[in-house]
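The values are calculated or read from the model by the stated rules, or taken from the named source; none is laboratory data. Keep in mind that what you see is a predicted model, and the values were worked out from it rather than measured. Note: ideal-geometry Cβ built from the backbone for every residue, glycine included; neighbour counts use all protein chains shown.
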Amino acid sequence: MRLLLLSNGHGEDAIGAALAPALQARGFTLDALPIVGEGHSYRKLGLPIVGPTQAMPSGGFVYGRPAALAGDMQHGLIGLTRAQIAAVRHGRWDGVVAIGDVVVLGFAWLSRAPFVFVGCAKSDYYTLGRPGSHLWHERLLMRHPRCAGVFARDAVTAANLLKAGVDAYDLGNPMMDGLEPRGLSLPGSGHPIIALVPGSRPDEAVRNFQLLASLVEGRVLAAIAPDLPLEAFQAPGVHVIPGGFADVAHACDVAVAMAGTATEQLVGLGKPVISVAGAGPQFTAAFAEAQTRLLGPSIRCLPADAATVMAEIRSLLADKPRLELIAANGRERMGAPGASQRIADGIAARWLPSGSAATKRLHII
């Protein structure tokens with residue numbers, strides 16, 4: 001069977017790239033269409049890109065930002081979207097794997113093929129456990145006869161979707177896959193490790209790094225995406241580890257972060273996280289506030305004040321019961337590793353003849 005991987009964002013592309021080898025191992029042939037950005041995660045795997053791609057000034061962060069949307073439109077967003085819709089409508093796939101939010105759900109519906117939805121963008125933790133993060137039109141698409149299943153990002157969201165008549169599953173969050181340490185030798189010893197995580201967007205990571213580095217002291221390791229210019233990330237007392245996020249994330253005692261996916265991964269590993277709001281375009285005050293609702297007691301958003309941040313770090317490291325609560329909360333909200341394999345099994349159970357009997361075992365009870 002030939003499947004199309006549809007995704008709309010850097011984190012969503014990374015999830016698609018994590019799913020791809022698992023799906024290929026089960027006999028599927030894959031194409032990809034990243035709706036936002038250039039799809040570097042897919043290109044690294046050598047997957048065919050079946051429609052036009054273009055990086056936009058907003059980086060895909062346009063919700064609630066009319067000026068950012070207007071800027072994208074000036075750079076050809078409408079024409080790009082029309083061409084991508086045409087590519088989806090004229091393609092011929094046996095199934096579509098839509099990864100992200102309502103945008104890719106709509107694209108999947110337009111494909112006229114059966115589709116599954118990996119709903120990594122929304123969680124009912126945003127609404128404090130109540131149904132409501134997925135709106136009526138999203139649930140309508142999820143209940144469409146051609147929708148073969150919805151893989152929610154956590155158990156709370158999946159259970160609420162089931163109550164709304166959606167064929168929903170909780171198989172874990174693929175964000176927690178591929179985080180095995182590389183065995184790097186990390187500098188310094190004898191003190192707790194503070195991780196700095198400034199995000200991976202080139203247009204704000206350097207600003208974020210400079211702000212974070214000014215807030216902390218001690219044994220500080222900065223996890224920098226490997227494709228960012230290393231010479232721009234220099235600060236006294238900070239050891240910069242390019243491409244070493246997994247090693248730093250596992251080793252650290254606390255993280256100070258201005259990131260999306262990386263922050264969620266740190267929480268899933270049981271780490272306490274402190275965030276501070278930045279200028280954006282991604283990590284704004286609104287983004288930071290929403291992240292605290294999503295991740296609960298594992299994260300605190302504080303003012304960008306060194307004394308306040310360091311006092312919180314010292315308080316955290318001295319509070320063993322709080323650290324145990326944070327570790328348990330991370331496991332609950334982000335799930336265990338292996339979700340990519342489980343979701344690939346779920347897709348195979350739906351669409352491969354030999355997998356039909358396995359579907360019942362996957363369903364939430």
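Taking only the range 109-142 into account, find how many residues are exposed (fewer than 15 other Cβ atoms within 10 Å of the Cβ) and either in contact with an Asp or Glu (Cβ under 8 Å, 6 or more places away or on another chain) or small (Gly, Ala, Ser) (or both).
Counting residues in the range 109-142 that are exposed (fewer than 15 other Cβ atoms within 10 Å of the Cβ) and either in contact with an Asp or Glu (Cβ under 8 Å, 6 or more places away or on another chain) or small (Gly, Ala, Ser) (or both) gives 3.
Looking at Arg201, Arg207, Arg219, which one is farther than 21 Å from Gly330 by Cβ, in contact (Cβ under 8 Å) with a residue 12 or more places away in the chain, within 18 Å of the chain's Cα centre (by Cα) and in the same structural domain as Ile241 (by TED's automatic domain parsing)?
Result: Arg201 is the single residue among Arg201, Arg207, Arg219 that is farther than 21 Å from Gly330 by Cβ, in contact (Cβ under 8 Å) with a residue 12 or more places away in the chain, within 18 Å of the chain's Cα centre (by Cα) and in the same structural domain as Ile241 (by TED's automatic domain parsing).
Which of the residues that make up the range 99-108 are in a loop (DSSP other than H, G, I, E, B) and either acidic (Asp, Glu) or over 18 Å from Tyr42 (Cα atoms) (or both)?
Asp101
Looking at Val166, Val96, Val156 in this structure, which one is modelled with pLDDT of 95 or more and either surrounded by fewer than 19 Cβ atoms within 10 Å (Cβ to Cβ) or in a strand (DSSP E or B) (or both)?
Val96
I want to confirm something. Restricting to the range 57-93 and keeping residues that are of a type in the set (Lys, Arg) and outside any helix (DSSP H, G or I), which single residue is modelled with the lowest pLDDT?
Arg65
Going through the range 248-281 one residue at a time, which ones are under 16 Å from the mean Cα position of the chain (by Cα), among the polar types (S, T, N, Q) and surrounded by 22 or more Cβ atoms within 10 Å (Cβ to Cβ)?
Thr263, Gln265
Of all residues being assigned to a helix (DSSP H, G or I) and hydrophobic (A, V, I, L, M, F, W, C) in the range 110-149, which is farthest from Leu23 (Cα to Cα)? Just the residue, please.
Trp136
Can you pull out every residue in the range 187-205 that is surrounded by fewer than 18 Cβ atoms within 10 Å (Cβ to Cβ) and at negative phi?
Residues satisfying the conditions are Pro187, Ser189, His191, Pro192, Pro202, Asp203.
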